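Comments concern the structure below.
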Amino acid sequence: MSTTTQTKSTVDQERDLLVRCVEDAYESIRLLPGLDANGPAIVWFAEHMWEAYHRERGD
């Protein structure tokens, strides 16, 4: 397997994780009464989720 293929695989994995974090953040915030599910709130929450997933994996 070439380095390019490995890198692409890593990039794909990171992209998938980021999409998962944004989706989870939107769904979580949307369900909280009185909290506006706007862009900055979703980005803030998704970033914290992304960091937590990386800590869990030991990155």
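Worth a mention:
- The relative contact order of the range 10-57 comes to 40 percent, based on Cα pairs under 8 Å that sit 6 or more residues apart.
- Taken about its Cα centre, the range 3-59 carries a charge dipole of roughly 80 debye when the Cβ of each Lys and Arg holds +1 and the Cβ of each Asp and Glu holds -1.
- Compared with the dominant principal axis of the Cα atoms in the chain, helix 3-30 is inclined by about 10°.
- Folded to 0 to 90 degrees: helix 39-57 orientation relative to the chain principal axis, Cα: 50 degrees
- As a rough guide to protection, the peptides 15-22, 42-49 ranked by mean Cβ packing within 10 Å, highest first, stand as 42-49, 15-22.
- Residue 24 accessible area, assembled protein chains, probe 1.4 Å, Å²: 50 Å²
- Dividing the summed helix terms, -39500 (n - 2.57) for each DSSP H run of n ≥ 4, by the number of residues in the chain produces a 222 nm estimate of -28000 deg cm²/dmol to the nearest 500.
The values are calculated or read from the model by the stated rules, or taken from the named source; none is laboratory data. Worth saying up front: this structure is predicted, and the values here are computed from it rather than measured. Neighbour counts are summed over all protein chains in view; Cβ atoms, including those assigned to glycine, are modelled from backbone coordinates with ideal geometry. Note: areas computed on protein heavy atoms with side chains; ligands, DNA, RNA excluded. Shrake-Rupley method; radii C 1.70, N 1.55, O 1.52, S 1.80 Å.
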